[in-house]
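The values are calculated or read from the model by the stated rules, or taken from the named source; none is laboratory data. Note that this is a predicted model, so its numbers are computed, not measured. Methodologically, a virtual Cβ is constructed for each residue, glycine included, from the backbone with ideal geometry; neighbour enumeration extends over all protein chains shown. Remember, those area values only see protein heavy atoms, side chains included, never the ligands or the DNA or RNA. Shrake-Rupley method; radii C 1.70, N 1.55, O 1.52, S 1.80 Å.
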Amino acid sequence: MIKRPRRLRSSQAIRNLVRETVLHVEDFIYPLFVVEGENIKEEISSMPDVYHFSIDRLREEIMELKSLGIRYIILFGIPNHKDECGSEGFAHDGIVQKAVRAIKEWDPEMFVITDVCMCEYTSHGHCGILTETGYVDNDKTLEYLTKIAVSHAEAGADMVAPSDMMDGRISALRQGLDEAGYMNVSIMAYSAKYSSSFYGPFREAAHSAPSFGDRKTYQMDPANSDEALREGALDCEEGADIIMVKPALSYLDVIRRFKDNFNMPIAAYNVSGEYSMLKLAVKNGLLSEDAIYESVMSIKRAGATIIITYFAKELARKMKGC
Ligand code: PBG
């Protein structure tokens, strides 16, 4: 009888030698929520250990990330003022624009990614401009998304991440950025973004739940994965630098299909619901902390080399042994 599989697990040394997947702190992108105001560091009730920061309090967080070796962040802004066309989203002094400038001043090496979407900025909470009948007007929205992306690039963002799911947004953004002289600002496309219940805690955090209806007309049906490949192929053709699957854990098969079909860097968003579910289970003693490592590892094993996760800090601490 051949005992090879068991032999390869027989000591820690050999387990390390044959290990196929290793998490690195460079794999992680840490999401940050920025709000207007002063001296605010407020825990988001639906997401333990995740906070809303005003810009003045963001500095200490950036320094902590730096000390943990986390060099990639994605910013979400929560403006005070919302209107029909989400004008704070592309304002020179918008919350994200101010935050990017401040971060680049404190830590020029921090790689700053910005979420490009309208739902946090529109009074109706949808991800675009609405027609009179209440539908999202795809092509009109593209003009606004481009303005938002260019304003983020102007503020110093290294990468923009459109999460709106409008058709044609990658080529619109690429063209807009190039024309404004930002050829080196890259685009991470939320290519397969599912209409998922796992965004619940985020919507509370970002005050971005739609005031009527849902996002089913522009986000993907969880039942489909061939469609994800069509979306991914379009984004690659349109010039995306990185393609993303979101959420991650219920869509590991989609991550794997992306990996096998596209010769591209694949990102996965380990979303708020996935975070809170596990975090609360660990906090309440139902699961050991190791479950966090295991589940984030599964995202990498599935094929994502870039993982956007609210667990980045605790994983980085664990990896540093502190
Ligand atoms: C939209 C956006 C959402 C998330 C990231 N960008 C919410 C949505 O589509 O409703 C969700 C992220 C998470 O749940 O952690 N701007």
Inset, instruction - Could you check what % of the DSSP bridge pairs in region 39-171 are antiparallel, to the nearest 5? - result: 35
Inset, instruction - Round to the nearest 10 and give me the degree value, 0 to 90, for the angle of helix 252-261's Cα axis relative to the longest principal axis of the chain. - result: 80
Inset, instruction - Report the full-extension gain for the segment residue 131 to residue 289: residue separation times 0.36 nm, less the Cα-Cα distance, to one decimal in nm. - result: 52.2 nm
Inset, instruction - Name the long-range amide H neighbours of residue 83: under 5 Å, sequence gap of 5 or more, or other chain; modelled H, no Pro or chain starts. - result: 88, 123
Legend entry - Nearest-20 debye value, region 69-127 charge dipole, Cβ charges on Lys, Arg, Asp, Glu: 140
Inset, instruction - Give the angle, between 0 and 90 degrees and rounded to the nearest 10, that separates the Cα long axis of helix 55-68 from the longest principal axis of the Cα atoms of the chain. - result: 20
Legend entry - From phi via Karplus (6.51, -1.76, 1.60), per-residue ³J(HN,Hα) for region 29-46 in Hz, x at Gly/Pro: 10, 9, x, 10, 10, 10, 10, 6, x, 10, 6, 10, 9, 10, 5, 7, 4, 7
Inset, instruction - Give the residue from 32, 200, 267 lying farthest towards the positive end of the charge dipole for the chain; charges sit on Cβ (+1 for Lys and Arg, -1 for Asp and Glu) and the dipole is referred to the Cα centre. - result: 267
Inset, instruction - Over region 12-320, give the accessible area per residue in Å² for a 1.4 Å probe, as an integer. - result: 42
Legend entry - Distance from region 69-137 to region 260-285 (C-alpha centre basis), Å: 22
Inset, instruction - Show the residues, 5+ positions off or on another chain, whose built amide H is closer than 5 Å to the amide H of residue 29. - result: 307, 308, 309
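Let me know the charge dipole size of the chain about its Cα centre in debye, to the nearest 20, where only the beta-carbon of Lys, Arg (+1) and Asp, Glu (-1) is charged.
The dipole of the chain has a size of about 2120 debye.
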Inset, instruction - Calculate how steeply helix 169-179 sits against the longest principal axis of the alpha-carbon atoms of the chain, using the helix alpha-carbon long axis, and give the answer as 0 to 90 degrees to the nearest 10. - result: 70
Inset, instruction - Please give every one of the aspartates and glutamates within straight-line cross-link reach of residue 66, meaning a C-alpha to C-alpha distance under 19 Å, and leave out same-chain neighbours fewer than 8 residues apart. - result: 26, 27, 49, 56, 105, 107, 109, 158, 314
Inset, instruction - Could you run the Karplus curve 6.51 cos²θ - 1.76 cosθ + 1.60 with θ = phi - 60° over region 209-218 and give me ³J(HN,Hα) per residue in whole Hz, x for Gly and Pro? - result: 5, x, 6, 8, x, 9, 9, 5, 7, 10
Inset, instruction - Have a look at 276, 87, 197 and tell me which one the Gaussian network model of the chain (Cα, springs below 10 Å) gives the largest fluctuation. - result: 197
Inset, instruction - Take every DSSP beta bridge whose two residues both sit in the chain, then give the antiparallel share in percent to the nearest 5. - result: 15
Inset, instruction - Starting from the amide H of residue 129, placed 1.01 Å from N in the peptide plane, find each other amide H under 5 Å away whose residue is 5 or more places distant or on another chain. - result: 137, 141
Legend entry - Estimated 222 nm signal from helices in the chain, with DSSP H stretches of n ≥ 4 weighted -39500 (n - 2.57), rounded to 500: -12000 deg cm²/dmol
Legend entry - Unsatisfied cross-links (Cα-Cα over 18 Å) in the set 193/216; 283/318; 193/318; 259/300; 82/193: 193/318; 82/193
Inset, instruction - Could you check which residue among 17, 142, 252 shows the biggest mean-square fluctuation in a GNM of the chain with a 10 Å Cα cutoff? - result: 17
Legend entry - Rounded percent of accessible protein surface that carbon and sulfur make up, the chain, 1.4 Å probe: 49
Legend entry - Length-normalised contact order for region 12-320 - Cα pairs under 8 Å, 6+ apart - percent: 19
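Give the range of the longest stretch in the chain that excludes all trypsin sites (Lys or Arg not before Pro) found in loop regions by DSSP and having at most 14 other beta-carbon atoms within 10 Å.
Result for the longest clean stretch: 20-215.
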Inset, instruction - Report the label-to-label distance for residue 224 and residue 11 in nanometres (one decimal), using points 7 Å from each Cα along the Cα→Cβ vector. - result: 5.3
